[in-house]
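Below: the structure, in structure tokens.
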Amino acid sequence: MGGTTCAGDGIHPALSTDSGATWTSQTLAGPIVLEYVTTIAANLPVWARISSTNEIGTSDYSREVHA
């Protein structure tokens, strides 16, 4: 898991491995990301959420999804 930056288009993904108690912002590879890939231990559940930024401001985070 990575730092606290966002891509040029304002996409802000975050991951949690403790049922959403804490979140870690992910660093995207470039300004346009159509797919995000990360490696997590097979027995470790993960939650994900995303927000975005445009000329109006930054959205709230999306609903959390988990696997």
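A short reminder: the numbers here are calculations on the coordinates, not readings from a lab. Here the structure is a predicted model, which means the values were calculated and not measured. We place every Cβ from the backbone using ideal geometry, glycine too, and count neighbours over all the protein chains shown.
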Most to least packed among 10-16, 53-59 [average Cβ atoms within 10 Å]: 10-16, 53-59
V65 paired with V46, simple spin-label distance in nm, labels 7 Å along Cα-to-beta-carbon: 1.2 nm
Efficiency of FRET from Cβ geometry, E55 and S25, R₀ 22 Å, rounded to 0.05: 0.55
